[in-house]
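The values are calculated or read from the model by the stated rules, or taken from the named source; none is laboratory data. Model, not experiment: these values are computed from the prediction. Heads up, the Cβs are rebuilt from the backbone with ideal geometry, glycines too, and the neighbour counts pull from every protein chain shown. Accessible surface is based on the protein model in full, side chains and every heavy atom, while ligands, DNA and RNA are left aside. Shrake-Rupley method; radii C 1.70, N 1.55, O 1.52, S 1.80 Å.
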Amino acid sequence: MNALDSARCAALALTLALSAPPASPGANPAVIAACDYPDDAAAANAWKPMKGSAPAASATVAGRKALRLRCNFEGTDHQRASWDLDCDIDLADCRGIRFDVFCTNATPVSYFNIYFQSEGGWYSAPFHPDSPDGWSTFTLPKAATRAEGNPAGWGKIRAIRISAWRAESRDTEFFIADIQKVGTLGADASVAIIRAESSAAKRPSEAESIDRFAETVAEALDREGIPNATLGDLDVTPERLARVKLAILPHNPSIPDPAAEAIRSFVASGGKLLVFYSIPSQLRPLFNVGRAEHVSGAAAPRFASIRFGQGAMPGAPATVIQRSWGIHGLSQLPPSCRVLAEWFDEAGQPTGYPAVVAVPNALLMTHVLLPDDPANKGRMLLAMVGSLVPDIWASAARARIAGVGRTTGHASFAEAAKAIRDAAPDDPRTSGALASAEKALASATANLEKDRHIEAVDDATVAARHTLEAHCMSKRPAGTEFRAFWCHSASGVTGMDWDAAVRRLADNGFTAILPNMLWGGVAYYPSDILPTHGSVATQGDQVAACLAACRKHGIQMHVWKVNWNTGHQAPKEFVERMRAAGRLQADASGKVEPWLCPSHPDNQKLEVDSMLEVARKYGVDGLHFDYIRYPDGNHCFCDGCRARFEKASGSALSRWPADVLGPGPRRQEWLDWRRSNITAVVRAVSEGARAIRPGIRLSAAVFRNWSTDRDSVGQDWKLWCDRGYLDFLCPMDYTPSDTAFENMVKRQIEWAGKVPCYPGIGVSTWASPDPVRTIAQIEVARSLGCRGFTIFNYAAAEANDLVPLLGLGITRKPSAPKTP
């Protein structure tokens, strides 16, 4: 499922601080922009509007001076309202940014973004006001930002941009106040995460993974109560490292020479180092190892878990689940290296490959830190950090005890317990869970007083778990409701067969699964239309296996197809044959992408025939469209598109593609024709599937903002609903903000009309599966009248850590009646 960039990093709240003019003597050095301008002229002079945006102004809101930013969307056509603040600030040493925002009506805004310009590029992150009745405070760790272009580091911020992206053609306004830095290396953060920004700039294909793995480490440290700050590798200096006790390289394929020299000096002077996956070449002498070989999980025993030797690392779990697709294999280790943990396979057998090794002052884990098994993964990371910096245990114990209530989104355990008791006053399950939490919390406090820090962390972890379970138990299921998971893997959940995976859903009150069984260029069942994936020969027909499990356990099966996108598993010869036949998409510059061109009649036939083949061969409950769109607004401009557009319109283009781009004279005609190619496939599949199998249900995963997405990606899903092509709709509303989620769903229900809307909750786009946030968004959907929801994505972490918690309450399966 294609999650938008704004959703990928949206799992973190924001707190921001920016400064227009330099701070005056005696001013708070953390403040970047107080936003308390004396008048409109001063505000407008500081914040320059982008083309089409209204001028910034000064205001007093709820007793506070603030920056007023008006979104003039009515009667205009710009896609976002944006304002730039020129500045010259150094954010390298801080943990992140904080700011306050006030907005009584965010509905006309799809999402808000903040950007930091650093010479040739930007750092960006989304935010959304969560309180329509008051100020919201956002804290943005630098680890949550994404790099665009080629930024030169956080130490060279030259401008700040705030943008509100259009969702509706209605005006609104929002207010910003008190933008400032938060957290300082050394003072507030004893651990530095060094993000490989130089590698991301040199290797754009790796940028997403570099950002994601750095964020995973930061999120895990936060959960364990370990103060940390992210430092870009372009900003690493000996002076900055001297302020911290530990430096972490979360995924650094390479590192600039000045940063490498600073790290070597840091370790030589007693600083500690924790490296994940690859050791940059300049730092290999610290571990006394040469270049490691990459060992693929497909070419060796499957890497499924990490097991520590007895007593090898105090406080570490005995076993940590991590299903890694490949590692850096260390075959010959010098005597100075100690193996602390080893990789085991799915059968529980040792692979012979080290997972964690130690040398004086440093640790190496031979793969990146993945978010699965979050409880044990966090504890492993805490043990790693604690082995290098022992006094971390004390601060972690205090933070864990203080954070027991925050597990459920409350300020304290007392507040959490009161809310749970008020929600379920007569439920013996919640009472029992809270009693267990109180007992564990008392034991944690006692152990902390005795300086038994590892034991205190253990007890506080148990208290938090019982509190979370009580919170989940306090929630009530609805009546008849569509409760579904998308499952991106055609073979289901790693570590389970289809029977076990479907049974897990059924036991916890879910009613449907949407498994991804075919793409534009490959099928995971014996297909007469598409190339059949090689795994079918060894693992069998995945549609048949999943369908058998669904019938056994009473779960609906809606087969999910990724349309147009051939997929990374499509045979190369198939993709090359499509390329040679002129059937792949091209952007406006002529660059060809491995997506089938929607205007090519043979591609339309391939899409329709492949989906109807599923309806004809299998008794599935439904067919589910995904990627039923163009990749973006810059596709498709292949030669075939030009010829077919000219033929359809009866008029030649004098300038290609200029006539259909931006302000071109044929733009609207082009957009209408472009949309029609996608709609033709939806209509043909809908009509054909219902003729083949009466009662089959058609559905689609769609982008969330129909009013703009119908032009940008050609996805006219309101029309599909109006014409009855779909039986239900699953908008991909991937956001951590309940307010943003609510605003999206309100609009979508209106656009969908009589077609049921089962909004998509983007659990897997968050740093880790969050049951509290998931429950909150299910409750939002219910409050708006939705009779169902769809969660992305059903994988190991969701199956093992999320589904059973949801099954305690919000999706709880009714108990079977007792036999008299």
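For Leu671, indicate whether it is buried (at least 17 other Cβ atoms within 10 Å of the Cβ) and not charged (D, E, K, R).
Working: buried (at least 17 other Cβ atoms within 10 Å of the Cβ): yes; not charged (D, E, K, R): yes.
Yes, satisfied.
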Task: Where Thr366 falls short, out of the listed (1) in contact (Cβ under 8 Å) with a residue 60 or more places away in the chain; (2) of a type outside the set (A, V, I, L, M, F, W, C); (3) open to solvent by 10 Å² or more (accessible area, probe 1.4 Å) - done: (3)
Task: Hits in region 379-413 - residues which are farther than 16 Å from Ala460 by Cβ, assigned to a helix (DSSP H, G or I) and open to solvent by 10 Å² or more (accessible area, probe 1.4 Å) - done: Ser387, Leu388
TODO: Give the residue, chosen from Phe266, Phe308, that is over 28 Å from Glu206 (Cα atoms) and of a type in the set (Phe, Trp, Tyr).
DONE: Phe308
Task: Conditions (1) under 29 Å from the mean Cα position of the chain (by Cα); (2) open to solvent by less than 10 Å² (accessible area, probe 1.4 Å); (3) under 19 Å from Val389 (Cα atoms); (4) modelled with pLDDT under 95; number of the one not met by Phe287 - done: (1)
- [ ] Taking Leu468 as the residue in question, decide whether it is over 30 Å from Ile778 (Cα atoms), at pLDDT 95 or above and among the hydrophobic types (A, V, I, L, M, F, W, C).
- [x] no
Open item on the list: Just to be sure I understand the filter: pairs with C-beta atoms under 9 Å, separated by 6 or more residues or on different chains, first member in region 638-664 and more than 21 Å from Asp602 (Cα to Cα), second member among the aromatic types (Phe, Trp, Tyr) and outside any helix (DSSP H, G or I). Which pairs pass?
Closed with: Trp656/Phe637; Pro657/Phe637; Val660/Phe637; Leu661/Phe637
- [ ] Output the residues belonging to region 86-137 that are over 23 Å from Ala152 (Cβ atoms), of a type in the set (Ser, Thr, Tyr) and in contact with a helix residue (DSSP H, G or I) (Cβ under 7 Å, 6 or more places away or on another chain).
- [x] Thr107, Tyr111
Task: Qualifying positions in region 40-62 - over 15 Å from Arg161 (Cα atoms) and either part of a strand (DSSP E or B) or of a type in the set (S, T, N, Q) (or both) - done: Ala57, Ser58, Ala59, Thr60, Val61
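In this structure, is Arg812 modelled with pLDDT of 95 or more, open to solvent by 40 Å² or more (accessible area, probe 1.4 Å) and either closer than 30 Å to Ala464 by Cα or assigned to a loop (DSSP other than H, G, I, E, B) (or both)? If you could, list the steps in order and put the result at the bottom.
Details: modelled with pLDDT of 95 or more: yes; open to solvent by 40 Å² or more (accessible area, probe 1.4 Å): yes; either closer than 30 Å to Ala464 by Cα or assigned to a loop (DSSP other than H, G, I, E, B) (or both): yes.
In short, yes.
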Task: region 576-594 residues that are closer than 16 Å to Trp519 by Cα, paired with ones that are modelled with pLDDT under 95 and not β-branched (Val, Ile, Thr) (beta carbon under 9 Å, 6 or more apart) - done: Pro594/Gly567; Pro594/His568
- [ ] Sort out which residues of region 472-507 are open to solvent by 50 Å² or more (accessible area, probe 1.4 Å), within 23 Å of Ser535 (Cβ to Cβ) and out of contact with any Ser or Thr (no Cβ under 8 Å at 6 or more places or on another chain), and write them in order of number.
- [x] His488, Thr494, Gly495, Asp497, Arg503, Arg504
- [ ] Scan region 534-560 for residues that are within 28 Å of the chain's Cα centre (by Cα) and not hydrophobic (A, V, I, L, M, F, W, C) and jot them down.
- [x] Gln542, Gln556, His558
TODO: Please list, ordered by first then second residue, the pairs with beta carbon atoms under 8 Å, 6 or more apart or interchain, first in region 481-501 and closer than 29 Å to Ala781 by Cα and among the polar types (S, T, N, Q), second assigned to a strand (DSSP E or B) and modelled with pLDDT of 95 or more.
DONE: Ser489/Pro515; Ser489/Asn516
Task: The one condition in (1) open to solvent by 40 Å² or more (accessible area, probe 1.4 Å); (2) without any contact (Cβ under 8 Å) to a residue 24 or more places away in the chain; (3) farther than 22 Å from Gly762 by Cα that Asp459 fails to fulfil - done: (1)
TODO: Filter region 373-415 for residues that are β-branched (Val, Ile, Thr) and within 16 Å of Leu274 (Cα to Cα) and give the result.
DONE: Val385, Val389, Ile392
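From the list Ala444, Ala437, exactly one residue is touching a Phe, Trp or Tyr at 6+ places or on another chain (Cβ under 8 Å), modelled with pLDDT of 95 or more and open to solvent by less than 50 Å² (accessible area, probe 1.4 Å). Which is it? Step through it out loud before you land on a result.
Values: Ala444 fails: touching a Phe, Trp or Tyr at 6+ places or on another chain (Cβ under 8 Å).
After applying the criteria, what remains is Ala437.
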Open item on the list: List the helices (runs of 4 or more DSSP H) inside region 419-533, counting only whole elements, that have at least 3 residues being of a type in the set (Val, Ile, Thr).
Closed with: 453-473
Open item on the list: Which of the numbered conditions does Gly63 fail, given that it passes all the others? Conditions: (1) at pLDDT 90 or above; (2) farther than 30 Å from Val745 by Cα; (3) not aliphatic (A, V, I, L, M).
Closed with: (1)
Open item on the list: Condition check: touching a strand residue (DSSP E or B) at 6+ places or on another chain (Cβ under 8 Å), crowded, with 20+ Cβ neighbours inside 10 Å, more than 17 Å from Ala143 (Cα to Cα) and modelled with pLDDT of 95 or more. Does Ile279 satisfy that?
Closed with: no
Open item on the list: So in region 88-110, with the set limited to residues that are farther than 30 Å from Thr708 by Cβ and touching an Asp or Glu at 6+ places or on another chain (Cβ under 7 Å), which one is surrounded by the most Cβ atoms within 10 Å (Cβ to Cβ)?
Closed with: Arg95
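Here is a yes/no grid of residues against (1) within 23 Å of Arg710 (Cα to Cα); (2) of a type in the set (Gly, Ala, Ser); (3) touching a Pro at 6+ places or on another chain (Cβ under 6 Å):
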| position | (1), (2), (3) |
| --- | --- |
| Ala581 | no, yes, no |
| Ser599 | yes, yes, no |
| Glu607 | yes, no, no |
| Asp626 | yes, no, no |
| Arg629 | yes, no, no |
| His635 | yes, no, no |
Open item on the list: Can you list the strands (runs of 3 or more DSSP E) lying wholly within region 161-265 that have 2 or more residues being open to solvent by 50 Å² or more (accessible area, probe 1.4 Å) and not aliphatic (A, V, I, L, M)?
Closed with: 172-184
Task: Residue in region 311-360 that is surrounded by the most Cβ atoms within 10 Å (Cβ to Cβ), counting only those that are in contact with a Pro (Cβ under 6 Å, 6 or more places away or on another chain) and assigned to a loop (DSSP other than H, G, I, E, B) - done: Leu330
Open item on the list: Any residue at all in region 714-726 that's touching a helix residue (DSSP H, G or I) at 6+ places or on another chain (Cβ under 6 Å) and among the basic types (Lys, Arg)?
Closed with: yes
TODO: Scan (1) open to solvent by less than 10 Å² (accessible area, probe 1.4 Å); (2) modelled with pLDDT under 95 for the single condition Pro663 breaks and write down its number.
DONE: (1)
Open item on the list: Restricting to region 533-553, give me the number of residues that are within 16 Å of Tyr618 (Cα to Cα) and not aliphatic (A, V, I, L, M).
Closed with: 7
Task: Cross-chain or 6+ apart pairs with Cβ under 7 Å, region 59-84 first and buried (at least 22 other Cβ atoms within 10 Å of the Cβ), then outside any strand (DSSP E or B) and acidic (Asp, Glu) - done: Cys71/Asp171; Phe73/Glu168; Phe73/Asp171
